[in-house]
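Trainee: Quick one: the structure is below, and I'll ask about it shortly.
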Amino acid sequence: MDVKLNRNRGFLTLMLAQLISSLGDWLSIVAIMTLVGLKWQASPMEVSFVILSLAIPMALLGPFAGTVADRVNRRTLMVVSDLGRAVLILILAFASSIWMVYVCLFFIGMLSAVFVPAKNGKLKELVHQEHMKSAMSITSMIDASTKVIGPLLSGLLVTAFSTQLVFYIDSVTFILSALLLFTLPKTVKETIAPTEESGGMNKTSFKEEFLEGMAFIKGSRYLLVGILVLGISLLILQLSDSQIIVLIRELSQASPDLFGFIVTASGIGMLLSGALLAKKTGYHALSLMFLGVCGLGLGFGMMAVLTGLDTALSTLWGPALGLLAGFAAGLVFIPFQAAVQTSTPVHMTGRVFGVINSVTTTATIIGPLLGGWLATVWGVLPTFIITASLLVVISILGLTFKNNIERGKISVSESQQGTHGTT
């Protein structure tokens, strides 16, 4: 399927479905927080459990869900996942207790854990190797743009109408996404020849395929180090990222809208890095990844220094540093995920991305909890300084040993694009 992305109907359909469902995700998140936090006056711990209910199944089930995505038709999995989430979101519209919210979000998290590796595997089927870097940049741009537009639109809808209407809209977005995904080709023409040993007839068990995926990750120094660095960097980042609102309180003259400005600017920054990497695809993935980690460290470090000095004009430097952090985050995530897509056989894509999704979700769970504890014990300014320093150290170490890591990169031929049912 060696065609340009703008002529690749399957890719365009998948991206449109992602845009619609991602926008719906952000609509419902704001609506849920409004319902639980404002209408029901939930305690801080109850609000924390809202996020955990969604994240825990994604963290725990990632590797297993990835194996499922490699065994079962990916288009079917995505359609079922979207329809299931449409029903659960509709149930949320009539939720009468916080426990109903927890249960619905837990099952939504389970379905999301299956959807993510299935989507990345389907992307591998639809897009040729030489266009994969641009494709991954476009998916990241969609995520960044919905992160900016979704909360704003949800806030307007909740204020003007009700949280119930937002849940209805979100349910419809999942149905629309499922309808679009149903139009994708069920499978791409098989291009990988079965092994002589199996004769093309042997069916491996779920356990064997799961262990095969784990062995593939362990056998690739490049992939193993990349996942480890990504997880550790995200964990360290979350220590401070979750405490930005607390840091802002340290300023004597902070605008009430400063937090929103910073979050919006970070989304725009990631959108910009995605647009840049979609056009400039001749980059070195590890180099950009470690430069991005360094940029994150510098952004958060400067934010702490300027806050500690109680610098004026925070509405200017705050969003500017948020923009830098968002741009740097794009340099971390986009090149690495593109490199994973191009270096992973199509029949293992689900398992690999399932592990990555599990690692990143675990980091986003532990990071805010640990960050809150550190900010309470040591103070928010020292927490930011420590976070920034650790990120810069990781980037320096990564750039120093980059060549050694590269030697462990497994080469995958272009013939591995195609169907995933060829284990």
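Every read-out reported here was derived from the displayed coordinates using simple, explicitly stated rules and does not represent laboratory data. Note that the structure is predicted; figures quoted are calculated from it, not measured. Positions of Cβ are generated from backbone atoms using ideal geometry, with glycine treated the same way; all protein chains shown enter the neighbour counts.
Trainee: May I ask for the angle, rounded to the nearest 10°, between helix 380-400 and the longest principal axis of the chain, with both axes built from Cα atoms and the value confined to 0 to 90°?
Mentor: That helix lies at roughly 30 degrees to the long axis.
Trainee: Also, quick follow-up: Using 10 Å bins from zero, what percent of all Cα-Cα pairs in the chain falls into each bin?
Mentor: Reading upward from the zero bin: 5, 21, 32, 27, 13, 3, 0, 0.
Trainee: Then there is this: I need the peptides 337-344, 382-389 ranked by packing, meaning the mean over residues of other C-beta atoms within 10 angstrom, with the highest value on top.
Mentor: Working: 337-344: 22.8, 382-389: 21.0.
Final packing ranking: 337-344, 382-389.
Trainee: I've got another one for you. Convert 10 °C to kelvin, take the viscosity as 1.306 mPa s, use the Kirkwood radius over C-alpha pairs of the stretch 121-178 as Rh, and evaluate the Stokes-Einstein diffusion coefficient in µm²/s, rounded to a whole number.
Mentor: Numbers: Rh = 13.6 Å.
It comes out at roughly 116 µm²/s.
Trainee: By how many degrees, between 0 and 90 and to the nearest 10, does the Cα long axis of helix 349-377 differ from the longest principal axis of the chain?
Mentor: Orientation of helix 349-377: about 20 degrees from the principal axis.
Trainee: I would also like to ask the following. List 284, 128 from most exposed to least, where exposure is judged by having the fewest other Cβ atoms within 10 Å. Could you put the intermediate results ahead of the total?
Mentor: Details: 284 13, 128 17.
Exposure proxy ranking, most exposed first: 284, 128.
Trainee: Taking the Cα atoms only, what angle lies between the long axis of helix 132-160 and the longest principal axis of the chain, rounded to 10 degrees?
Mentor: The two axes meet at around 40 degrees.
Trainee: Please report, for the Cα atoms of the stretch 1-106, the Rg to one decimal and the Dmax as a whole number; what are they, in angstrom?
Mentor: Values for the stretch 1-106 (Cα only, Rg and Dmax): 16.9, 54 Å.
Trainee: Which entries of 4/218; 218/402; 119/279 show an alpha-carbon separation above 29 angstrom in the structure shown? It would help to have the intermediate numbers written out before the result.
Mentor: On the way: 4/218 34 Å; 218/402 18 Å; 119/279 23 Å.
Distance filter (> 29 Å) returns 4/218.
Trainee: Could you tell me the relative contact order of the stretch 1-154? Use alpha-carbon pairs under 8 Å, at least six residues apart, and round to a whole percent. Don't skip to the answer; put the middle values down first.
Mentor: Working: 136 pairs, mean separation 66.6, N = 154.
Relative contact order here is 43 percent.
Trainee: When a footprinting reagent is the concern and you count Cβ atoms within 10 Å, what order do 133, 122 take, fewest first?
Mentor: On the way: 133 24, 122 28.
Lowest to highest Cβ neighbour count: 133, 122.
Trainee: Relative contact order, percent, of the chain when contacts are C-alpha pairs under 8 Å separated by at least 6 residues?
Mentor: Values: 701 pairs, mean separation 120.9, N = 423.
Across the chain, relative contact order equals 29 percent.
Trainee: Next question, about the same structure. Take the chain, connect every pair of alpha-carbon atoms lying under 10 Å apart with a spring to form a Gaussian network, then pick out the residue of 361, 146, 400 with the largest mean-square fluctuation.
Mentor: 400
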